[in-house]
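Engineer: A single structure is presented below for examination.
Every read-out reported here was derived from the displayed coordinates using simple, explicitly stated rules and does not represent laboratory data. All values derive from a computational prediction rather than experimental measurement. Virtual Cβ from ideal backbone geometry, glycine too; neighbours counted across all protein chains shown.
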Amino acid sequence: MNVNAICTALAQLREQAPLVVNITNYVVMNNSANALLAIGASPIMAHSREEMTEMMAFAGALVINIGTLDRTWIERMTFAVEQANAAGKPVVLDPVGCGATSLRAHTARQLAALAKHLTIRGNASEIIALAGQASQGKGVDSQDPSETALEAAKQLVEQYQAQVVISGATDYIVSNDGTFVLNNGHPMMTQVTGTGCSLSAITGAFAAIGETSGLAAAAVMGVAGEIAAEQAKGPGSLQVALLDALYNLDENTLTQRLKLSQLA
Amino acid sequence: MNVNAICTALAQLREQAPLVVNITNYVVMNNSANALLAIGASPIMAHSREEMTEMMAFAGALVINIGTLDRTWIERMTFAVEQANAAGKPVVLDPVGCGATSLRAHTARQLAALAKHLTIRGNASEIIALAGQASQGKGVDSQDPSETALEAAKQLVEQYQAQVVISGATDYIVSNDGTFVLNNGHPMMTQVTGTGCSLSAITGAFAAIGETSGLAAAAVMGVAGEIAAEQAKGPGSLQVALLDALYNLDENTLTQRLKLSQLA
Amino acid sequence: MNVNAICTALAQLREQAPLVVNITNYVVMNNSANALLAIGASPIMAHSREEMTEMMAFAGALVINIGTLDRTWIERMTFAVEQANAAGKPVVLDPVGCGATSLRAHTARQLAALAKHLTIRGNASEIIALAGQASQGKGVDSQDPSETALEAAKQLVEQYQAQVVISGATDYIVSNDGTFVLNNGHPMMTQVTGTGCSLSAITGAFAAIGETSGLAAAAVMGVAGEIAAEQAKGPGSLQVALLDALYNLDENTLTQRLKLSQLA
């Protein structure tokens, strides 16, 4: 996938405005919905067992984010992944804080094993912990450089037949087709809660139109975040500018700014 | 109701700062609370059975929004409407995504039937679906032009002795007193999650001071949204500017900008 | 504690980036997480019984906020305070809307009695109600001037071996070491939902590095809020500017602007 293919995917997303069902955490529900709207998708946040079968029948993708996990959410996430599987819809898993507690690691692994068409999007500590290796996360924040998660990502690709996005100063998009490297974004993005979660949501929007690698989503978010950070005075204005940048992002800007390469 | 009456209602709202109890969805709780504060009301988000009777005794109105519905929320919404009825307080119902699943349609109809003093605020697809007609919504987004919901709105007025607001490019305020037409607002408002929900919350604030038609709320939101969109670079800055505009909205601006008419 | 000690505490907080576990209300989870990130701490919002023991072992502090209370949350808050006690970690309690219903007053008192290392942060009506005196709150908004809560605060200090922050036009920081008075902040901060809750969250961050009086947090929030209000056009832009101001706050600005005194 090259920059032209990413631009085409973005145009398709805006044309089709796919419906993305999100079971995400309380903290970022608003951000995730707004990020999806800003990029041109149609978000719905829904978790009720009573409507999930119906919902997955007309949705384009399911995004699962374990940020504020508990027993009830686990049950609903599991059921939703089953419905996505039954309807042949792709699933994006965001294993928030996966290394912080065994509940999160265990749940994330069960959901990953369950999903048939899976993309995993996490920071390095989360990817490392999900693969069962020792990570250095602090709560939901990563303290591992993203390149240290490459081996873990490759393991997850094989173990779950998944595609994996490692977010960080450098993003890595890892699949059976090789590894893409993205050098966009800005460090201040880590000072705003939910930018990773928004990326996972947008990954769901691209998955809904058939781009399940996570590359287009990471590219769009990286470039938009970079533009936003140039305009921002701090994390408050960054959050606002990020939605504006996602909304206004055009093919030229994306092409000019994208720093995309491939690992040999 | 004309523009002078709307200005008077706004002044009264700011004078009285009514307490509005909201049982709303996780996505927009923050927006709704901020919209109520910005316009001059006093919001509280509460859903516990153990405090709802007490709460409705001193509250001015109850706003129910089914955006992130499940079994637990249905039970609490039902109980809250009963307490609002018992205390003689008006109820605003926002049937989010009503056409998307049968759970939502069924629940919204039960709540509408239960509420004694009811205002319904939804987009065209939601109003059409609530009336049992075939709608073209996509998840929580409407794909029906607002005028196509007029017959459905009239049916709801009769069926539930309700007043109905259809939001869209044109807003329609439908009651036994006829139909008002509002042509304010801006298309970009649909790219921000929760603007409709904020309108429902503000409808509750006006209902609390006796203006239960929803017209004053729709007028205030339409004009503020229009001002905000003129200043915004995208949906991120629109959301911010909307709260500023609600807060700063004065009688002159409202009078000059309001595009209000009545259907013959 | 003087302005130099406050600056030192802020530098330490940014150096250590303590992990703060929050069980807070749905409305402000996003604000609280962003306020903690902006000041330099590492937030996690978690409430599951299954991970709380593990979580409190590596966390620096626990923040409990009863804004959207129900049976389930009470159980989880209680368990979390027990785990914080067992791990010797400080607890910050925000008794949101404490005077509004007996459920809130009762729960807040039980949690206050349970916590071993406790800081209470509330508005005047909440502090007065928590102490069992007659308050004039309207829902979650205070209608009592902050100085009228001083006696109540002193009672709470003794009753719960707590430190107490009363927020308002003037902030009072009350402990066995006497009473500090802060005259920063801006009235428009009350028109943004969750500024008090963000202060409670930041109080948790300072508690995590050993400053449990609440003074440093109130100082930082008051000065940042004041700066934000000078730049804001209304409550929407105030919310954004507040995060920017927290992020950019430096020693010089804090020293120059701080209006700190001590009650005789």
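Engineer: Quick one: if the Förster radius is 35 Å, what FRET efficiency do A:GLN12 and B:GLU251 give, using the C-beta to C-beta distance and rounding to 0.05?
Structural biologist: 0.15
Engineer: For region A:3-262, with only Lys/Arg (+1) and Asp/Glu (-1) charged at the beta-carbon, what is the dipole magnitude about the Cα centre, in debye rounded to 20?
Structural biologist: Computed charge dipole of region A:3-262: roughly 260 debye.
Engineer: Based on the alpha-carbon gyration tensor of region C:3-262, what equivalent-ellipsoid semi-axes (square roots of 5 times the eigenvalues) come out, in whole Å, largest first?
Structural biologist: 24, 21, 18
Engineer: Once amide H atoms are built 1.01 Å from N in the peptide plane, which residues 5 or more positions from C:ILE66, or in another chain, come under 5 Å H to H?
Structural biologist: For C:ILE66, whose amide H was placed from the backbone, the distant partners under 5 Å are C:ASP94, C:VAL96.
Engineer: Any idea what the dipole of region B:54-142 comes to, in debye rounded to 20, about its Cα centre with Lys/Arg Cβ at +1 and Asp/Glu Cβ at -1? Show your work: numbers first, answer last.
Structural biologist: Details: 8 positive and 7 negative charges, 26 e Å.
The dipole magnitude comes to about 120 debye.
Engineer: Continuing with this model, one more query. Quick one: grab the alpha carbon gyration tensor of region C:48-164, order the square roots of its eigenvalues as a ≥ b ≥ c, and give me rounded if a/c is under 1.5, else prolate or oblate depending on whether a/b is larger than b/c.
Structural biologist: Values: a/c = 2.51, a/b = 1.64, b/c = 1.53.
Since a/c reaches 1.5 and a/b is larger than b/c, the shape of region C:48-164 is classed as prolate.
Engineer: For region A:144-264, what does the relative contact order come out to in percent, with C-alpha contacts under 8 Å and a separation of six or more?
Structural biologist: Worked out over region A:144-264, it gives 25 percent.
Engineer: Using +1 at the C-beta of Lys and Arg and -1 at the C-beta of Asp and Glu, which of B:GLY60, C:MET188, A:LEU36 has the Cα lying farthest in the positive direction of the dipole of the protein assembly as shown?
Structural biologist: Selected residue: B:GLY60.
Engineer: Shifting gears a bit: Can you give the average number of partner chain beta-carbon atoms within 10 Å of each beta-carbon in peptide A:92-104, as a whole number? Show your work: numbers first, answer last.
Structural biologist: Values: counts 0, 0, 0, 0, 3, 5, 0, 0, 8, 11, 3, 8, 6.
The shielding value for this peptide is 3.
Engineer: Treating the Cα atoms of region B:128-264 as identical point scatterers in vacuum, please give the log10 of the normalised Debye intensity I(q)/I(0) at q = 0.16, 0.22 Å⁻¹, two decimals.
Structural biologist: The computed values of log10 I(q)/I(0) come out as -0.83, -1.46.
Engineer: In addition: Give the shape of region A:98-182 as rounded, prolate or oblate, defined through the alpha-carbon gyration tensor: a ≥ b ≥ c are the square roots of its eigenvalues, a/c under 1.5 means rounded, and otherwise the shape is prolate if a/b is larger than b/c and oblate if not.
Structural biologist: Oblate is the answer for region A:98-182, as a/c is 1.5 or above yet b/c matches or exceeds a/b.
Engineer: Sticking with this one: Using only the alpha-carbon atoms of the protein assembly as shown, report the extent along each of the three principal axes, biggest first, to the nearest angstrom.
Structural biologist: For the protein assembly as shown, the Cα spread along each principal axis is 72, 69, 42 Å.
Engineer: Please average, across the residues of A:241-248, the number of beta carbons from any other chain that are within 10 Å of each residue's own beta carbon, and give a whole number.
Structural biologist: 5
Engineer: Using 20 Å as the Cα-Cα cut-off, could you pick out the over-long pairs in A:LYS116/A:LYS154; A:LYS138/C:LYS89; B:LYS89/C:LYS138; A:LYS233/C:LYS259; A:LYS89/B:LYS138?
Structural biologist: On the way: A:LYS116/A:LYS154 17 Å; A:LYS138/C:LYS89 17 Å; B:LYS89/C:LYS138 17 Å; A:LYS233/C:LYS259 25 Å; A:LYS89/B:LYS138 17 Å.
Checking Cα-Cα distances, A:LYS233/C:LYS259 exceed 20 Å.
Engineer: If you take the charge dipole of the protein assembly as shown about its Cα centre, with +1 on Lys and Arg Cβ and -1 on Asp and Glu Cβ, which of A:GLN83, A:GLY137, A:VAL157 is farthest toward its positive end?
Structural biologist: A:GLN83
Engineer: Rounded, prolate or oblate: pick one for region C:57-126, where a ≥ b ≥ c are the square roots of the eigenvalues of its C-alpha gyration tensor, a/c under 1.5 means rounded, and failing that, prolate if a/b is larger than b/c, else oblate.
Structural biologist: Prolate.
Engineer: Okay, moving on. Using a cut-off of 13 Å between beta-carbons, work out the net charge of the residues near A:PRO43 (Lys and Arg +1, Asp and Glu -1, A:PRO43 not included). Numbers along the way, then the final one.
Structural biologist: Details: positive: B:LYS138; negative: B:ASP141.
Residues close to A:PRO43 contribute a combined charge of 0.
Engineer: What does the structure give for A:133-143 when I average, per residue, the other chain Cβ atoms found within 10 Å of the residue Cβ?
Structural biologist: 3
Engineer: With a cut-off of 8 Å between alpha carbons and a minimum separation of six or more residues, what is the relative contact order of chain A in percent?
Structural biologist: Details: 576 pairs, mean separation 53.0, N = 264.
Dividing the mean separation by the residue count of chain A yields 20 percent.
Engineer: Here's something else I'd like to know. Which whole-Hz ³J(HN,Hα) couplings does region C:211-221 yield from phi under the Karplus relation 6.51 cos²θ - 1.76 cosθ + 1.60, θ = phi - 60°, glycine and proline marked x?
Structural biologist: Once rounded to whole Hz, the list reads 9, 8, 6, x, 5, 4, 4, 5, 5, 4, 5.
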